[in-house]
Amino acid sequence: MAAEEPSLTEALRRQAVACRQLGSLQYADLIMDLIGDIERGGLTHELLHDRPEAPLRDALVLRYVAAVHRVVLRGDAPSLALRYPSAGGDGARIDLADFLAVVDAYRDEVVDALGRTVQTNEVGRCASIVPAIAHAAREHRMPLTMLEIGASGGLISNWDRYGYDCFGSTAGQQHSALQFTDNWDDPFDLSGITEVYTRAACDIAPLDVSDPEAQLRLLSFVWPDQHRRFKNLRAALSIAALERVQVDHSDAGEWLADTLPRRARGTLTIVFHSIVWQYLPRATKDRVREVLRDEGARCDAENPIAWIRLEPAGDHPDVRMTTWPAGDETVVALSSYHGAAVRRPVMPTPA
Ligand SMILES: C[S@@+](CC[C@H](N)C(=O)[O-])C[C@H]1O[C@@H](n2cnc3c(N)ncnc32)[C@H](O)[C@@H]1O
């Protein structure tokens, strides 16, 4: 059964808690101040209440603050830039009146942004899924066909073009401009990753990361006081400028139904996604499951499939993997939303 959607203010309160837990004190404080603005019937109330989007599931407040962040990054909000570290600011508390003044000045742009899907491409999530990719690759020892759904700008599909050093177990490219070295709380074996034979990706609203507008949009969804995420995203964009993954404009269910049956024999096909599931309509989720189940039932040792997903599981996401032909499901890792504190799942104690 679908979880009940909370009220607007409750959705904001939960988002504020999440921002605090994930290390963005600026957004945690700002969002709490926005709740006050809603309760007073202010501009935030006027713009966010009665929207067709679900406040929590559609992350309405993240769309709202990202719309303003975009104005800041563009250089059009100097009073906020003084506070936003992403624009060289000091990281001090964002003044609500300054924030609302920018919302008011760019009202049409903000309203337009509220109707658009959340567009992140959080490359830190590569550190969460790489242990699962290594696990599957070691098991099958075949070149990889990588199929990503909900890929946004395709930056996670470039995962093998980044470098990883997990307590001395390395993978990827050690001279890449983007290196992950301290994302794990526990050691994971990253050995045995085979070459990527081919990669493809889709998104319902793909971003062309060679377009400066799209780059700005992606950067605007990073929380302004999170330097590391900003730096990593910029590095991934610079790598994509040389090796960009084409992201097909398609619904995930339709795309997978078309793509998965045509995969190359002699490769291990990895279907993967991160923080996408909650955004998919029910029919799309059903289709994705159905295609995987049908192709899983048909596959053999020459064209195996692994389905790897980093998706919410209770308070935190986990990385799950189902492999076919065996059909086994494993939780490979627990993670945070942005690919930090990746750790081993707690195994149940034998009775
Ligand atoms: C929160 S973003 C995550 C993007 C990326 N996977 C990441 O981890 O950075 C969710 C993505 O799902 C995409 N999406 C939503 N509905 C979709 C659908 N029906 N089919 C394909 N992609 C979809 C959105 O456009 C968006 O790019």
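The values are calculated or read from the model by the stated rules, or taken from the named source; none is laboratory data. Treat the numbers as computed from the prediction; the structure is a model and nothing was measured. Cβ placement follows ideal geometry from the backbone for every residue including glycine, while neighbour counts extend to all protein chains displayed. The area values use the complete protein model at the heavy-atom level, side chains included, leaving out ligands, DNA and RNA. Shrake-Rupley method; radii C 1.70, N 1.55, O 1.52, S 1.80 Å.
Summary of computed values
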| read-out | value |
| --- | --- |
| Qualifying position, being buried (at least 19 other Cβ atoms within 10 Å of the Cβ) and either touching a residue at least 24 places away in the same chain (Cβ under 8 Å) or touching a helix residue (DSSP H, G or I) at 6+ places or on another chain (Cβ under 6 Å) (or both), among Glu311, Glu295, Glu302 | Glu295 |
| Qualifying residue in region 99-114 (condition: away from the ligand (no atom under 14 Å from the Cβ), assigned to a helix (DSSP H, G or I) and closer than 18 Å to Cys19 by Cβ) | yes |
| Verdict on Gly168 being surrounded by fewer than 17 Cβ atoms within 10 Å (Cβ to Cβ) and either of a type in the set (S, T, N, Q) or more than 16 Å from the ligand (Cβ to nearest atom) (or both) | yes |
| Conditions (1) open to solvent by less than 30 Å² (accessible area, probe 1.4 Å); (2) without any contact (Cβ under 8 Å) to a residue 60 or more places away in the chain; (3) under 22 Å from Ala333 (Cβ atoms): number failed by Ser176 | (2) |
| Residue within region 280-292 that is near the ligand (Cβ under 10 Å from one of its atoms), open to solvent by 20 Å² or more (accessible area, probe 1.4 Å) and in contact (Cβ under 8 Å) with a residue 60 or more places away in the chain present | yes |
| Residue selected from region 207-243 under the condition in a loop (DSSP other than H, G, I, E, B) and either under 25 Å from Ala306 (Cβ atoms) or open to solvent by 60 Å² or more (accessible area, probe 1.4 Å) (or both), by the criterion farthest from the ligand (Cβ to nearest atom) | Leu242 |
| Filtered residues of region 195-206 (kept if open to solvent by less than 40 Å² (accessible area, probe 1.4 Å) and farther than 14 Å from Ser157 by Cα) | Ala205 |
| Matching residues, region 132-159, being farther than 21 Å from Thr259 by Cα and either of a type in the set (A, V, I, L, M, F, W, C) or within 16 Å of the ligand (Cβ to nearest atom) (or both) | Ala132, Ala134 |
| Test: residue in region 189-196 that is within 15 Å of the ligand (Cβ to nearest atom) and of a type in the set (D, E, K, R) | no |
| Some residue of region 156-167 being under 22 Å from His249 (Cα atoms) and either more than 16 Å from the chain's Cα centre (by Cα) or in a loop (DSSP other than H, G, I, E, B) (or both) | no |
| Residue match in region 219-234 (condition: under 26 Å from Met142 (Cα atoms), of a type outside the set (Ser, Thr, Tyr) and touching a helix residue (DSSP H, G or I) at 6+ places or on another chain (Cβ under 6 Å)) | no |
| Criterion violated by Arg116 - all others in (1) crowded, with 24+ Cβ neighbours inside 10 Å; (2) touching a residue at least 60 places away in the same chain (Cβ under 8 Å) satisfied | (1) |
| Any chance Pro325 is open to solvent by 60 Å² or more (accessible area, probe 1.4 Å) and away from the ligand (no atom under 12 Å from the Cβ) | yes |
| Qualifying residue in region 31-39 (condition: closer than 24 Å to Ala340 by Cβ and crowded, with 21+ Cβ neighbours inside 10 Å) | yes |
| Residues (open to solvent by less than 20 Å² (accessible area, probe 1.4 Å) and in a helix (DSSP H, G or I)) located in region 260-270 | Leu260 |
| In region 244-255, residue nearest to the ligand (Cβ to nearest atom) [restricted to those that are at pLDDT 95 or above and surrounded by fewer than 23 Cβ atoms within 10 Å (Cβ to Cβ)] | Asp251 |
